[in-house]
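Report on one structure; see the data block that follows.
FYI, it's all coordinate maths here, none of it is from the lab. The structure displayed is predicted, hence computed values, not measured ones. Because the Cβ atoms are built from the backbone with ideal geometry, glycine has one as well, and the counts that use them run over all protein chains shown.
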Amino acid sequence: MYQEYGDCYAQAKTYHSLGMMKQEQKQWKQARYCLLQALELFVKYDDAFYVPVILCNLAQFWQDSNDMELPTAIGSMLGMVEDEAEQLLRYMLDLIRGS
């Protein structure tokens, strides 16, 4: 069990790193895929540290890429409707800005 968790955790961190790199390169499709994969894995393992980190990254991605379908994808992973996920992304953007 530990090995399985460790492997998935390492995989999630790798997806996160790749997603951030692709976001910087404005490769939106690949960045979206990697960040959502990271979120899915961190949510699966109920990681209280990395889930908010990934959500902040996804909020920035949402703003930079204008991906209008992102709230729906996040909402389905977190058990929220699209409006709730969009509100969460806006909240994360406020945190990033220090508002």
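Tabulated values for the structure
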quantity: Candidates L55, L36, L78, ranked by Gaussian network fluctuation over the chain, Cα under 10 Å, top entry; calculated: L78
quantity: On Cα atoms only, tilt of 28-44 relative to the major axis of the chain in degrees; calculated: 60 degrees
quantity: The stretch 69-99-the stretch 19-55 distance, computed between alpha-carbon centres (Å); calculated: 13 Å
quantity: Computed E for Q11/Q63 - FRET, C-beta separation, R0 25 angstrom, nearest 0.05; calculated: 0.40
quantity: Computed helical MRE - 222 nm, the chain, DSSP H runs ≥ 4 contributing -39500 (n - 2.57), nearest 500; calculated: -27000 deg cm²/dmol
quantity: Label-point gap, in nm, between C56 and K44 - each point 7 angstrom along Cα→Cβ; calculated: 2.5 nm
quantity: In sequence order, calculated HN-Hα J values of the stretch 46-63 (Karplus, 6.51, -1.76, 1.60; Hz; x Gly/Pro); calculated: 6, 7, 5, 8, 7, 4, x, 4, 5, 4, 5, 5, 5, 5, 5, 4, 4, 5
quantity: Rounded, prolate or oblate (a/c below 1.5 giving rounded, otherwise prolate when a/b exceeds b/c) for the stretch 32-99 by Cα gyration tensor; calculated: rounded
quantity: Extension gain (nm, one decimal) between M80 and Y33, 0.36 nm per residue minus Cα-Cα; calculated: 15.0 nm
quantity: Separation in nanometres of the label points that stand 7 Å from Cα toward Cβ, at R90 and K26; calculated: 2.7 nm
quantity: Helix axis angle, 2-24 relative to the chain longest principal axis, alpha carbon, degrees; calculated: 30 degrees
quantity: With Cα atoms, 0 to 90° folded angle of helix 82-97 axis to the chain main axis; calculated: 90 degrees
